[in-house]
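Engineer: Okay, here's the structure, questions in a sec.
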Amino acid sequence: MSVSRVSATRVALAGGIAVSSVMLLSGTAFAHVSVQPQGEAAKGGYATVNIKVPNERDNASTVKLEVNFPLDHPLASVMPQPIPGWKAEVTKSKLSKPLELHGKKINEAVSKVTWTADGSKIGPGQFQQFPLSLGQLPEDTDELVLKAIQTYDNKEVVRWIEEQKEGSEEPQNPAPVLKLSAASADHHGGGAAPSASASAGTDEKAGHDDKAAGHEETASASSATDTTARVLGVVGILAGVAGVAFGVLAGRRRSA
């Protein structure tokens, strides 16, 4: 085999491997259990969040989810929203140091919420969101690590409990992390209703919020479109390289 034919073969193989890698990464990048705030999750305030659970198996369904809350940054209130086909159980634990909330001392906090399938499942190729109301969010940390355990109907258990270390690659089973924003002026965050004294400015504030939300949605859409275009562009280029290499090989064979 000539040197030029060997080079062409290597180019074709490299192009095929690169295309496969791009497609594989784009399909698995968002396959982790994650926590997503609905609006603001400000320190010292309240927030509504969704625990997003994708089903990663082709031959099994998710039938149970357990989410653990850190007791070193305890939450006095964790309330799950009812979900048809799922039963939610809230577990509380005693605190070594009581919390003070609204002038009252609280000796226990929620340590775990468990959802168990009760007529429903998360099947292959599907995902489910589990909404929670959280509060009062701590003021002495920038994030909450919510370690999760996912159970399939074939008895397989996946533990999403690995914490991301600064400067290192993402672990294989990363724990969901809720990022907390700076404390708001009223310490109520995104989950609290406005007070009576602030009701006069509610409509004006809502108008500004709607405009801001519109800009954010536009920016997010543009970012997503740009990312998709780049990935498709890379795939197209690599596919083109592979095609040229194939053409060179075919030409060499005919001339031989």
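Engineer: Does Pro74 qualify as being modelled with pLDDT of 95 or more and closer than 22 Å to Leu132 by Cβ? Step through it out loud before you land on a result.
Structural biologist: Details: modelled with pLDDT of 95 or more: no; closer than 22 Å to Leu132 by Cβ: yes.
It is false that Pro74 is modelled with pLDDT of 95 or more and closer than 22 Å to Leu132 by Cβ.
Engineer: Within the range 97-124, can you find the residues that are of a type in the set (S, T, N, Q) and touching a residue at least 24 places away in the same chain (Cβ under 8 Å)? Step through it out loud before you land on a result.
Structural biologist: Of the residues in the range 97-124, the ones of a type in the set (S, T, N, Q) are 107, 111, 114, 116, 120.
If the condition is that a residue be of a type in the set (S, T, N, Q) and touching a residue at least 24 places away in the same chain (Cβ under 8 Å), then Ser111, Thr114, Thr116, Ser120 are the ones that fit.
Engineer: When Leu101 is evaluated against the numbered criteria (1) at pLDDT 90 or above; (2) open to solvent by less than 60 Å² (accessible area, probe 1.4 Å), which criterion, by number, is the only one it fails?
Structural biologist: (1)
Engineer: Working only within the range 54-70, note down all residues that are under 15 Å from Asp153 (Cα atoms) and open to solvent by less than 50 Å² (accessible area, probe 1.4 Å).
Structural biologist: Just the residues of the range 54-70 that are under 15 Å from Asp153 (Cα atoms), to begin with: 54-66.
Selection gives Pro54, Asn55, Ala60, Ser61, Thr62, Val63, Leu65, Glu66.
Engineer: Which of the residues that make up the range 71-97 are part of a strand (DSSP E or B), of a type outside the set (A, V, I, L, M) and open to solvent by 60 Å² or more (accessible area, probe 1.4 Å)?
Structural biologist: Here is the first cut: in the range 71-97, the residues part of a strand (DSSP E or B) are 77-80, 86-97.
Now narrow it down to the ones that are of a type outside the set (A, V, I, L, M): 77, 80, 86-87, 89, 91-94, 96-97.
Across the range 71-97, the qualifying residues are Lys87, Glu89, Lys92, Lys94, Ser96, Lys97.
Engineer: Filter the range 104-135 down to the residues that are among the β-branched types (Val, Ile, Thr) and within 25 Å of Ala41 (Cβ to Cβ), then identify the one that is modelled with the lowest pLDDT.
Structural biologist: Ile106
The values are calculated or read from the model by the stated rules, or taken from the named source; none is laboratory data. On a predicted model such as this, the values are computed, not experimentally measured, just so you know. Cβ coordinates were reconstructed from backbone atoms using ideal geometry, including for glycine residues, and neighbour counts include every protein chain displayed. To get the accessible areas, we keep the full protein, side chains included, count just its heavy atoms, and leave off ligands, DNA and RNA. Shrake-Rupley method; radii C 1.70, N 1.55, O 1.52, S 1.80 Å.
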